[in-house]
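Remarks on the structure that follows.
The values are calculated or read from the model by the stated rules, or taken from the named source; none is laboratory data. Treat the numbers as computed from the prediction; the structure is a model and nothing was measured. Cβ atoms come from the backbone with ideal geometry, glycine included; neighbour counts cover every protein chain shown. Surface accessibility is based on the protein's heavy atoms, side chains included, excluding ligands, DNA and RNA. Shrake-Rupley method; radii C 1.70, N 1.55, O 1.52, S 1.80 Å.
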Amino acid sequence: MSSIEEPPRTYSGAFLAIVAVALLCAIGSLIWTYTLSGRIAHSEAALTEANQQNARLAAELRETDARLKVTAEELGKSLGLTQKQMDARAQQIMAREQAENRRLEDAQKITAQQVTAVSSDLTTVKTDVGGVKTDLGKTQTDLAQAVNQLQSMKGDLSDHTSLIARNHDELEVLKHKGDRTYYEFTLNKGDKKPVGTVSLELKKTDSKKSKFTLVVYADDKRYEKKDRNLNEPLQFYSGKDPGLYEIVVNSISSKNQIAGYLSTPKGTPAPPTGQ
């Protein structure tokens, strides 16, 4: 009986590929393991070095503390102080520093409060100034309106027309206008009376017709204003540099008495003291 020979076994390409992949994976694993071992070894060395450095620092700190303690003890001995006394002195110094800090904080708070108060006062002053400006503006407006209501009359000298006051209130308006000086007077018949830098003498009155006769003495001259009317400007020139003076009589009483005012240019000489 003859034997049958089997053909030789062959390996497929797929099998070979699997073997190759497995081989590559094994090689990669070896490389990764080697690299990881190196990193772990480096980390362990760094950790060991850090621990050694911490140990050195701890030893140096203990040595420093010991030196400070020795220094403190020597200082205490040289000053004749015990450790308890030194601790108490340190507490006193700390307490003074805390008290000083609190004092500075209180001073800063007081300063801030004062600044706030000053700012508030400044705001109030600004408000008051604003109110004063408003009041001043209103006063100026009222004065302008009052001046506009005054009567303008032509005096007894040609080509001279001026504002006159017909009573005391209107005279106050003229005074506030500020461009002339005013002297009020009351004069009885037969009297010669100084008014301003001139003298006036009442010669005659007629209360029914509202007329009067007045003599003015100025600069050694005599001016007679005869049969003049109420609120009529009686004008004349007087002074070293002659300026226009005006007399206005506002009222005539039944007792031969007149009342009015003298108006002089601003800056003219003032009457003697006591007049």
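Assorted remarks:
- Whole-Hz couplings from phi, Karplus 6.51/-1.76/1.60, listed for the stretch 251-258; x for Gly and Pro: 8, 10, 8, 6, 9, 6, 10, 10
- Taking label points 7 Å from Cα along the Cα-to-Cβ direction, SER254 and LYS221 give a separation of 4.0 nm.
- Residues whose placed amide H lies under 5 Å from that of VAL195, excluding near-sequence neighbours: LEU200
- For the pair ASP179 and ILE110, the difference between a 0.36 nm per residue extended length and the Cα-Cα distance amounts to 19.6 nm.
- Probe 1.4 Å - accessible area at HIS168, Å² to nearest ten: 100 Å²
- For the stretch 212-275, the calculated P(r), taken from all Cα-Cα distances in 5 Å bins from zero up to the bin holding the longest distance, is 4, 14, 25, 24, 18, 11, 3, 0 percent.
- Cα coordinate range in the stretch 163-275, projected on the principal axes (Å, largest first): 38, 32, 25
- Full extension of the chain between GLN98 and GLU172 yields a length gain of 19.7 nm, computed as 0.36 nm times the residue separation minus the alpha carbon distance.
- Descending by average beta-carbon neighbour count within 10 Å, the peptides 217-224, 263-270, 193-200, 62-69 line up as 193-200, 263-270, 217-224, 62-69, the highest first.
- Working value for the stretch 143-227: equivalent-ellipsoid semi-axes of 25, 16, 14 Å, each the square root of 5 times a Cα gyration tensor eigenvalue, largest first.
- Between the amide H of ASP156 and those of GLN235, distances stay under 5 Å, these residues lying 5 or more places away or on another chain, with hydrogens modeled in the peptide plane.
- Residue-span extension gain [HIS42 to ARG62] - 0.36 nm each, minus C-alpha spacing: 4.2 nm
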